[in-house]
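Below is one structure, written out as structure tokens; the observations come after it.
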Amino acid sequence: MKITRFVLRHLRMPLRTPFETSFGRASARECLLLEAHSEGLTGYGECVADAEPGYSYETTQTAWHILRDFLIPAVLEQEIPHPQEIPHRLSHVRGHPMAKAALEMVYWDLWGKREERSLAEILGGKRSHVPVGVSVGLQESPTALVKTVASYLQQGYRRVKIKIKPGRDIEEAQAVRRAFPDLLLQVDANSAYRLEDAPHLRRLDDLNLLLIEQPLAEDDLWDHRALQEQLRTPLCLDESILSARHARQALEMGACRIINLKMGRVGGLSEALAIHQLCRERGVPLWCGGMLETGVGRAANLALASLPGFTLPGDISATERYYEQDITQERFTLEPDSTIAVPTAPGLGVTLERRALESFTLNTLTIP
Ligand code: SMG
Ligand code: MG
């Protein structure tokens with residue numbers, strides 16, 4: 001595959017409802033969409049970096065810079081035999097996994113289109129539908145949270161994750177648990193606690209949670225290990241796992257028992273496949289995380305989550321949960337059994353809705 005032209009777009013899309021986490025509140029989502037032309041085919045990739053460096057240090061602006069000045073020049077006009085070659089071609093650039101993942105996604109989409117096979121098929125996906133849940137942001141009060149959760153249950157979601165932070169945690173989780181005793185429930189702190197909070201977090205142990213996601217700092221496997229020793233509830237790491245090596249080390253030291261996998265966070269689908277492989281070999285529960293993706297990134301997540309090692313429901317909700325208007329013609333819908341169908345058309349299997357795309361575009365750059 002030889003890409004002769006790239007189009008980089010910076011998008012801003014209004015969210016249907018604001019999404020609040022321990023690091024901030026967003027009423028719109030920014031991302032980059034990468035489009036590439038190769039031998040008569042067009043491939044797409046989504047960069048999940050957001051406007052602000054809250055979830056990670058990457059932003060839409062840093063990703064734009066890294067893609068334009070370093071990553072795209074490294075592959076433009078180059079013959080790339082397989083998408084799994086991309087990480088090697090980009091290895092001279094340190095960090096910036098979300099920018100790299102977007103570029104690798106373009107090659108997977110092109111590869112699938114050339115082979116006339118869906119991404120799920122190429123990866124060895126085993127199911128036509130993927131079990132999913134919904135991630136609920138911080139709400140005004142425990143009562144408001146219970147109401148929001150109830151409305152998602154009504155829509156058919158059977159697994160719920162709630163965001164927590166200090167002062168907005170135990171009461172919230174207790175309220176949801178009291179209202180829905182049998183619900184598959186988990187919490188995500190996005191690094192808002194310190195090891196000294198262990199006695200406080202231990203109160204979550206009584207709530208029969210599936211997992212506690214990323215309670216401590218993203219660069220701190222060691223204290224996660226110490227915290228896990230004091231909790232019965234399994235810890236799940238998100239921000240801390242940037243590679244298969246991190247995943248292996250975290251598991252070996254006991255810093256977590258479950259892994260949340262996001263291809264953007266780990267630098268692309270190839271590294272994601274390595275983590276999937278590791279978890280499968282070791283029997284470690286794995287699930288696909290979400291970054292409020294557009295239809296493009298959502299299609300990639302569904303293909304990834306169709307692999308057999310994904311044993312827990314993913315943060316891959318229906319389009320409806322995020323956007324009134326998406327940039328793909330396809331809208332992903334929730335089936336009554338809390339699953340979403342995996343795309344079957346070649347590559348990512350999505351077609352862009354050009355008018356919507358134009359209306360959300362803040363900036364475009366064509367290379368060369
Ligand atoms: O895509 O449904 C989604 C969002 C899932 O909670 C979600 N993602 O830490 O796991 C996480 C957060 C990161 C994104 S915050 C903008
Ligand atoms: Mg998370």
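The values are calculated or read from the model by the stated rules, or taken from the named source; none is laboratory data. Predicted model only: the values in this text are computed from it and were never measured. A quick note on method: Cβ atoms are made from the backbone with ideal geometry, for glycine too, and the neighbour counts reach across all protein chains shown.
Structural remarks
- Unique residue being out of contact with any Pro (no Cβ under 8 Å at 6 or more places or on another chain) and outside any strand (DSSP E or B) when the list is Pro18, Pro81: Pro81
- Yes/no for Gly264 being within 16 Å of ligand 1 (Cβ to nearest atom) and either over 22 Å from Leu210 (Cα atoms) or more than 14 Å from the chain's Cα centre (by Cα) (or both): yes
- Restricted to the stretch 293-313, and to residues there that are touching a helix residue (DSSP H, G or I) at 6+ places or on another chain (Cβ under 6 Å) and in a loop (DSSP other than H, G, I, E, B), the residue that is nearest to Arg25 (Cα to Cα) is Ser306.
- Which listed residue, of Ile316, Ile340, is in a strand (DSSP E or B), modelled with pLDDT of 95 or more and of a type in the set (A, V, I, L, M): Ile340
- So Thr294, is it modelled with pLDDT of 95 or more, among the hydroxyl-bearing types (Ser, Thr, Tyr) and surrounded by fewer than 23 Cβ atoms within 10 Å (Cβ to Cβ): no
- Candidate set from the stretch 197-218 (those that are of a type in the set (D, E, K, R) and closer than 19 Å to Thr21 by Cα); member that is surrounded by the fewest Cβ atoms within 10 Å (Cβ to Cβ): Asp197
- Elements of the type helices (runs of 4 or more DSSP H) sitting completely within the stretch 147-233 and holding at least 1 residues that are within 16 Å of ligand 1 (Cβ to nearest atom) and within 26 Å of His246 (Cα to Cα): these cover 221-230.
- The number of residues in the stretch 111-146 that are loosely packed, with under 14 Cβ neighbours inside 10 Å and either touching a strand residue (DSSP E or B) at 6+ places or on another chain (Cβ under 6 Å) or not in a loop (DSSP other than H, G, I, E, B) (or both) comes to 3.
- Glu330 falls short on exactly one of the conditions (1) out of contact with any Phe, Trp or Tyr (no Cβ under 7 Å at 6 or more places or on another chain); (2) more than 22 Å from Lys161 (Cβ to Cβ); (3) within 16 Å of ligand 1 (Cβ to nearest atom), and that condition is (3).
- Of the residues examined, Phe6 is one that is over 23 Å from the mean Cα position of the chain (by Cα), assigned to a strand (DSSP E or B), crowded, with 18+ Cβ neighbours inside 10 Å and not acidic (Asp, Glu).
- Residue in the stretch 38-56 that is surrounded by the fewest Cβ atoms within 10 Å (Cβ to Cβ), counting only those that are in a loop (DSSP other than H, G, I, E, B) and more than 14 Å from ligand 1 (Cβ to nearest atom): Gly40
- Condition check for Arg177: away from ligand 2 (no atom under 16 Å from the Cβ), among the basic types (Lys, Arg), crowded, with 17+ Cβ neighbours inside 10 Å and closer than 20 Å to Ala144 by Cα: yes
- Those residues of the stretch 223-248 which are more than 24 Å from Glu171 (Cα to Cα) and surrounded by fewer than 14 Cβ atoms within 10 Å (Cβ to Cβ), in sequence order: Arg245
- Screening the stretch 57-93 for residues that are of a type in the set (S, T, N, Q) and under 30 Å from Ala28 (Cβ atoms) and picking the one that is surrounded by the fewest Cβ atoms within 10 Å (Cβ to Cβ) gives Gln61.
- Unmet requirement for His129, which otherwise passes all of (1) of a type outside the set (D, E, K, R); (2) within 15 Å of ligand 1 (Cβ to nearest atom); (3) within 20 Å of the chain's Cα centre (by Cα); (4) over 20 Å from Gly268 (Cα atoms): (2)
- Some residue of the stretch 187-210 being within 16 Å of ligand 2 (Cβ to nearest atom) and either modelled with pLDDT under 95 or of a type in the set (D, E, K, R) (or both): yes
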